[in-house]
Amino acid sequence: MKSFFAGPLPDNARNLMRRLGYGEQRKYDGQVSYNRLISNTPFPKFHAYVEDKDGGIQINLHFDQKGATYEGNHAHSCEYEGPLVEREMARIGAAINAFKNQANA
């Protein structure tokens, strides 16, 4: 699920994602994404790609249910839409708006 959050933003994308409880993950190809674990295990987790766009940020979010089944395979079971992803995106949007309001107070 993709959502765009218009600027001006109170901080850079990396710091906003950290404030939202997401940890940074650098892939083997240098691409940066962000994860928020649901428990003390690697899966399930929310997984987001963030892009600076038009003075704001675009967040592409999905929910990873489990890791790759076969070694060497990067495919995994995930949800790109649905109530769980929608609730998390709503939480992200509400928090970003709250951060904006705090910065403008």
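The values are calculated or read from the model by the stated rules, or taken from the named source; none is laboratory data. These numbers come from a predicted model, not from an experiment. Neighbour counts are summed over all protein chains in view; Cβ atoms, including those assigned to glycine, are modelled from backbone coordinates with ideal geometry. Each accessible area value is taken on the protein alone, full model and side chains, heavy atoms only, with ligands, DNA and RNA left out. Shrake-Rupley method; radii C 1.70, N 1.55, O 1.52, S 1.80 Å.
For the range 30-42, the Karplus equation 6.51 cos²θ - 1.76 cosθ + 1.60, evaluated at θ = phi - 60°, returns couplings of x, 6, 9, 9, 10, 10, 10, 6, 8, 9, 7, 10, x Hz by residue, with Gly and Pro reported as x.
What accessible area per residue comes out for the range 1-96, rounded to a whole number of Å², with a 1.4 Å probe?
Details: 5770 Å² over 96 residues.
That works out to 60 Å² for each residue.
What does the C-alpha gyration tensor say about the overall shape of the chain? Classify as rounded when a/c is under 1.5, otherwise prolate if a/b is larger than b/c, or oblate. Prolate. Computed about the Cα centre, the dipole magnitude for the chain is approximately 320 debye when only Lys and Arg (+1) and Asp and Glu (-1) carry charge, each at its Cβ.
Seen from Pro8, the other residues with C-beta closer than 15 Å to its C-beta sum to a net charge of -1, counting Lys and Arg as +1 and Asp and Glu as -1. Take every pair of alpha-carbon atoms less than 8 Å apart whose residues are at least six positions apart; their mean separation over the length of the chain yields a relative contact order of 25 percent.
For Lys45, the lysines whose Cα comes closer than 21 Å to its Cα, not counting residues fewer than 8 places off in the same chain, are Lys2, Lys27, Lys66.
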